[in-house]
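Step one of this worksheet: look at the structure below.
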Amino acid sequence: MAEILCSTGALLGKANNRDYRLLQKLAEQLQCDGYEFMMYSSWYQDWEVMADYLVGQGLHIPVVHCEKHIGEAVSRGEENPQDSAELAQAMEKFRVNCELARRIGARALVLHLWNGQISDQRFEYNLRIYPRLRDMANDYGLDLLVENVVCNQENPLKHLEQLAQAYPGVHFVWDTKMAAFHQEETLLYRQEYAWLWQQDHIRHYHVNDYAGGYKDWGRMKTLPLGEGHIDFDAFFQYIHRIGYKGSFTVEATAFGADGQVDVEMLNRCFERIRREFSRSASCLTP
């Protein structure tokens, strides 16, 4: 049976002060198998206290999502190689993310290798720095997973191909919403992209819906399964066809302006994924 995780980013935001202590009560209500812990930039100062709290709660956190601005900082630092202070700072932040992940028992680390307004404008810098990030993660016993993050220049699948060509052992996390943003969600099922799973590149999936059009920047909200236009029947047919038995994370934003978390909505998402894996693969048409 697949492991179904909930992103803490779906639970904690500005509306509830990103209070990670809320996880104690929420964990009693959420019907997931564990969590993908999202690191925020405001937590660096007290990250060790936070790590001790999480360990004390006994939460199962097999995946940590790196603070999203690290890839952006890598791009800015590499722009001025004579002044590498920003790059050094990015590497130090990445080290803290690795240390946090190890302390709370994670085995995988999700990375936005490119991000922010810079996005993939300087992808060649991020491509060059990737092995340093990978090696550091490996030193902490972590599998580094590069996400198919949205781009403002090219498209994420092109960059995944570039990474795989340069570093054949690279591992990815595939996000359904990110793919749909670039109208790449169905490319995953085509034979010409079978290398993504045949060569064991995709190690994890983010399962989220999307209701916008091609590169529709105004509709970037991460939606629950069934509230956008992604064909999840086709997605799960693909999952069954390739025999994937790994982990999934639901990231659908579940809190409103009042900070209250819609637990029922998230539980419906978990149940949808769980139901797919309780069905016989023979009942699905590849």
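The values are calculated or read from the model by the stated rules, or taken from the named source; none is laboratory data. Every value quoted in this text rests on a predicted model; they were computed, and no experiment measured them. Heads up, the Cβs are rebuilt from the backbone with ideal geometry, glycines too, and the neighbour counts pull from every protein chain shown. Quick note on the areas: whole protein, heavy atoms, side chains included, nothing else; ligands and nucleic acids left out. Shrake-Rupley method; radii C 1.70, N 1.55, O 1.52, S 1.80 Å.
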Seminar exercise, completed: Quick calc, the chain, dipole around Cα centre from Cβ unit charges on Lys, Arg (+) and Asp, Glu (-), nearest 20 debye, gives 380 debye
Seminar exercise, completed: Sequence order, region 91-102: Karplus ³J(HN,Hα) from phi using 6.51 cos²θ - 1.76 cosθ + 1.60, θ = phi - 60°, Hz rounded, Gly and Pro as x, gives 5, 5, 5, 5, 4, 5, 4, 5, 5, 4, 4, 5
Seminar exercise, completed: As straight-line cross-link partners of Lys25, the qualifying aspartates and glutamates (C-alpha separation under 18 Å, not fewer than 8 residues apart within one chain) are Asp33, Glu36, Asp52, Asp258, Asp262, Glu264
Seminar exercise, completed: In Å², rounded to a whole number, the accessible area per residue of the chain with probe 1.4 Å is 44 Å²
Exercise. Among Phe181, Leu54, Phe236, which residue has its Cα positioned farthest towards the positive end of the charge dipole of the chain, with +1 placed on the Cβ of Lys and Arg, -1 on the Cβ of Asp and Glu, and the dipole taken about the Cα centre?
Worked result: Phe236
Problem set entry | For region 223-273 and region 118-142, distance of Cα centres in Å | 28 Å
Problem set entry | Top of Glu227, Glu251, Glu192 by mean-square fluctuation, Gaussian network on the chain, Cα under 10 Å | Glu192
For this session: Per residue of region 184-190, in order, report the coupling 6.51 cos²θ - 1.76 cosθ + 1.60 (Karplus, θ = phi - 60°) as ³J(HN,Hα) in whole Hz, putting x for Gly and Pro.
Result: 10, 4, 7, 4, 4, 8, 7
Problem set entry | Relative contact order %, the chain, counting alpha carbon pairs below 8 Å whose residues are six or more apart | 21 percent
For this session: Using a 1.4 Å probe over the heavy atoms of the protein chains, calculate the carbon and sulfur portion of the accessible area of the chain as a whole percent.
Result: 43 percent
Exercise. Residue separation times 0.36 nm, minus the C-alpha to C-alpha distance between Glu192 and Ser84: what's the value?
Worked result: 35.0 nm
For this session: Return the distance in nm (one decimal) between the two label points of a simple spin-label model at Asp200 and Asp231, each offset 7 Å from Cα along Cα→Cβ.
Result: 3.1 nm
Exercise. Given H placed on each backbone N at 1.01 Å, which residues far from Asp175 in sequence or on other chains put an amide H within less than 5 Å of it?
Worked result: Asn148, His206
Problem set entry | Point-to-point label distance, Gln45-Arg279, nm (Cα→Cβ direction, 7 Å offset) | 5.0 nm
